[in-house]
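First the structure, in the form of structure tokens, and then the observations on it.
The values are calculated or read from the model by the stated rules, or taken from the named source; none is laboratory data. Source: prediction; values computed, not measured. Each accessible area value is taken on the protein alone, full model and side chains, heavy atoms only, with ligands, DNA and RNA left out. Shrake-Rupley method; radii C 1.70, N 1.55, O 1.52, S 1.80 Å.
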Amino acid sequence: MKIHDFLHDVPYSLRYQRIYFNCQVKLIPAEDHGFSKDIKGAARTVADFFKQQLI
């Protein structure tokens, strides 16, 4: 799967995932940095992550 982020290279995000405690990187095909194609889906993913942290 090839994903291009015009602000940040994906390998940097993957590197931060290894460095930061409890970090998750979710790559969404055909999505851009601002999540303009599926903002509800992106918001749901973020909300699910926060729910997991509170349990």
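Select, from Phe35, Phe49, the only residue that is within 11 Å of the chain's Cα centre (by Cα) and open to solvent by 80 Å² or more (accessible area, probe 1.4 Å).
Checking each option against the conditions leaves just Phe35.
Whether any residue in the range 18-30 is open to solvent by less than 100 Å² (accessible area, probe 1.4 Å), among the charged types (D, E, K, R), modelled with pLDDT under 90 and in a loop (DSSP other than H, G, I, E, B) is what I want to check. Among the residues of the range 18-30, not one is open to solvent by less than 100 Å² (accessible area, probe 1.4 Å), among the charged types (D, E, K, R), modelled with pLDDT under 90 and in a loop (DSSP other than H, G, I, E, B), which makes the answer no.
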